[in-house]
Amino acid sequence: MKNNFKKIYAPLAILGLSIIVSSFIISARYRIQPIPPLSNPIPTAPADRQAEWLQTATYHNKKYGYTVKYPASMSVVMDTPEKVYLADDAEFLLNRVFIGVEPTTHVSPDEWFVSSNEEVRRQQEARGDTHIASVLERRIKIDDYDAVVTYPRDEVESFPEEKLTVLIKNGMLFRIATAYIDHEKIWNSFRFEE
């Protein structure tokens, strides 16, 4: 009886142990490590970009009652009541500002942030895509309204020069997307006309 036990169960035990060890080795090799939080604040614009703000222009949106200043080297590429796209003539794909306005049921920028990240995660998992998350960099005030500043990050790299700032006013969500520009100057110049 002991001999049959060894003949039958010993190979099964060895096979089971081999599967467990192989699984551990494979999972350790291909495991995606969590992205550590950033320890240092990210500079918003190098000093050499400060010169572009010596001459500014102002964009006025009459429908939603806001203004924003931007470097005069940029021009309005697209302008509808709900969307404006500003880009640098010389570096069209780099220095840019996009402001979009849409109705929302979210009551705070923080609620929007959590919901938005979850929705993006679900969509990417359904497609089998790499997860690109929005990282909450900080909370700020824009013209006395609470706002969140985010930037995209995936498993490999982050894109801190591409910011998405969101604020909510009277049931409307304002998205201020800035890239390769002094973000703070845009935020500080954004005003609602009361």
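The values are calculated or read from the model by the stated rules, or taken from the named source; none is laboratory data. Just so it is clear, the model here is predicted, and its values are computed rather than measured. As a convention, Cβ positions derive from the backbone with ideal geometry for all residues, glycine included, and neighbour counts pool all protein chains shown. Please note that ligands, DNA and RNA were not included when accessible areas were found on the heavy atoms of the full protein model with its side chains. Shrake-Rupley method; radii C 1.70, N 1.55, O 1.52, S 1.80 Å.
If you model segment 116-179 as an ellipsoid using its alpha carbon gyration tensor, with each semi-axis the square root of five times an eigenvalue, the axes come out at 24, 15, 8 Å, biggest first.
With all protein chains in place and ligands, DNA and RNA left out, the 1.4 Å accessible area ranks His60, His131, His183 as His60, His131, His183, largest first.
Using the Cα atoms of segment 59-126 to build a convex hull, what is its mean projected area in square nanometres?
Across all orientations, segment 59-126 yields a mean hull projection of 6.3 nm².
For segment 90-194, the Cβ-based charge dipole about the Cα centre amounts to some 100 debye (Lys, Arg positive; Asp, Glu negative; other atoms uncharged).
Dipole magnitude for segment 52-138: about 220 debye, using +1 per Lys or Arg Cβ and -1 per Asp or Glu Cβ, origin at the Cα centre.
For segment 80-177, which chymotrypsin sites (Phe, Trp or Tyr not before Pro) are in a loop by DSSP, counting at most 12 other Cβ atoms within 10 Å?
Phe92
Sparsely packed loop sites in segment 50-84 (the trypsin sites (Lys or Arg not before Pro) outside DSSP H, G, I, E and B with at most 12 other Cβ atoms within 10 Å) comprise Lys62, Lys63. By the rule of a C-alpha distance below 17 Å, with chain neighbours fewer than 8 residues away ignored, the aspartates and glutamates paired with Lys169 are Glu82, Glu102, Asp110, Glu111, Asp143, Asp144, Asp146, Glu193, Glu194. When segment 87-162 is described by a simple charge dipole with +1 on each Lys and Arg Cβ and -1 on each Asp and Glu Cβ, the residue from Ile99, Val120, Ala147 located farthest towards its positive end is Val120.
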